[in-house]
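Q: The structure follows.
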Amino acid sequence: MLLTTGELTTGTLTDDRLAEAVRAFRDTGYVVLENLLDPNWVVELREAYDLALEKYIIAKGGIEAVQQNPAEKNHLSFYPPLTLPLSDPRILTNPIAVQIMEVLLGKDLRCGFYHSNTSYPGSGTQRIHRDSNHLFGAEVPFAMPVTSLALNVPLCDFTVANGSTEVWPGTHLIVDADPADGGRLEARAAYLPSLRTNIPAGSLVLRDMRMWHRGMPNTTDIHRTMLALVYRRTWLAERTTLTIPQATWDGWPERAREIFRGNNLIP
């Protein structure tokens, strides 16, 4: 959904627009909030991220040492440092995103996971997967309300050429016993319609973690990067997962401290 000037100015959605966003999420498994962040600021954000990732890769001894899954060539995962600008509340507790999440997860939602995915030139196709299974697996033969969701923050325009994520809308409602269905999702997905998340930088994506998706090949000469945070209902939240510098914590507004409470604080 394309946000209006009024929504960007007030940082809130009207009741009707909020209902529209929630309905889209519940029906399809995700909702895109376009032009939510200033694209010029996103450029600065990407520069800071690239610098942090480069330092990490050098410290680890190169891309080959960082890559966690050899089967997913040139797809890198990295935990960004929780320092400015990567700890900015405009990302972590964006008021419009939080307004939607409060309806989906309750006002007492929590965050204990902050990650990123970078697809370098020459990357391959990821396997189709879910990020999490249904709460009770196949024990309950219907989809329960969402208990955890991902907030994805593209740090560049996402296009077919640079490997925009492929998603299968509605698959968050398919109940199975195993998150990967024994590796058979590829065959099953062939019969279902999919979409590519081609979205401009400055957008945010809220995604049900049960929805089938995969990263696609980056055929450009520039890496594609996305930040990824996970928010959960408070009774399902991880404990002491993130490491947050005290200076970052002290600079956050009260709402950010509420959502990120329970994590590790360091001097």
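One line per residue, one yes/no per condition, for (1) surrounded by 17 or more Cβ atoms within 10 Å (Cβ to Cβ); (2) touching a residue at least 12 places away in the same chain (Cβ under 8 Å); (3) under 19 Å from residue 100 (Cα atoms):
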residue: 188; (1), (2), (3): no, no, no
residue: 207; (1), (2), (3): yes, yes, yes
residue: 211; (1), (2), (3): yes, yes, yes
residue: 233; (1), (2), (3): yes, yes, yes
residue: 257; (1), (2), (3): no, no, yes
residue: 264; (1), (2), (3): no, yes, no
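Q: Here is a further query. Among the residues of the stretch 203-250, what is the count of those that are of a type in the set (Val, Ile, Thr) and assigned to a strand (DSSP E or B)?
A: 5
Residue by residue, here is whether (1) in a strand (DSSP E or B); (2) more than 30 Å from residue 18 (Cα to Cα) holds:
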{"position": "72", "(1), (2)": "no, yes"}
{"position": "111", "(1), (2)": "yes, no"}
{"position": "136", "(1), (2)": "no, no"}
{"position": "143", "(1), (2)": "no, no"}
{"position": "162", "(1), (2)": "no, yes"}
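Q: Another question about this same structure. Have a look at 56, 30 and point out the one that is among the hydroxyl-bearing types (Ser, Thr, Tyr) and either touching a strand residue (DSSP E or B) at 6+ places or on another chain (Cβ under 7 Å) or within 19 Å of residue 199 (Cα to Cα) (or both).
A: 30
Q: Would you point out which residue out of 165, 241, 225 is of a type in the set (Val, Ile, Thr), under 28 Å from residue 106 (Cα atoms) and touching a Ser or Thr at 6+ places or on another chain (Cβ under 6 Å)?
A: 165
Q: When residue 167 is evaluated against the numbered criteria (1) touching a residue at least 24 places away in the same chain (Cβ under 8 Å); (2) in contact with a helix residue (DSSP H, G or I) (Cβ under 6 Å, 6 or more places away or on another chain), which criterion, by number, is the only one it fails?
A: For residue 167, the exception is condition (2).
Q: Separate question: Picking from 76, 51, 45, 104, which residue would you name as being under 27 Å from residue 123 (Cα atoms), at pLDDT 95 or above and buried (at least 17 other Cβ atoms within 10 Å of the Cβ)?
A: 45
Q: Of the conditions (1) at pLDDT below 95; (2) part of a loop (DSSP other than H, G, I, E, B); (3) surrounded by 14 or more Cβ atoms within 10 Å (Cβ to Cβ), residue 68 satisfies every one except a single condition; which number is it?
A: Result: residue 68 passes all but (3).
Q: So, one more: Against the conditions (1) buried (at least 18 other Cβ atoms within 10 Å of the Cβ); (2) closer than 30 Å to residue 144 by Cβ; (3) not hydrophobic (A, V, I, L, M, F, W, C), where does residue 87 fall short? Just the number, please.
A: Of the numbered conditions (1) buried (at least 18 other Cβ atoms within 10 Å of the Cβ); (2) closer than 30 Å to residue 144 by Cβ; (3) not hydrophobic (A, V, I, L, M, F, W, C), the odd one out for residue 87 is (2).
The values are calculated or read from the model by the stated rules, or taken from the named source; none is laboratory data. As the structure is a prediction and not an experimental result, all values here were calculated from the model. Here the Cβ is made from the backbone with ideal geometry for all residues, glycine too, and neighbour counts use every protein chain on show.
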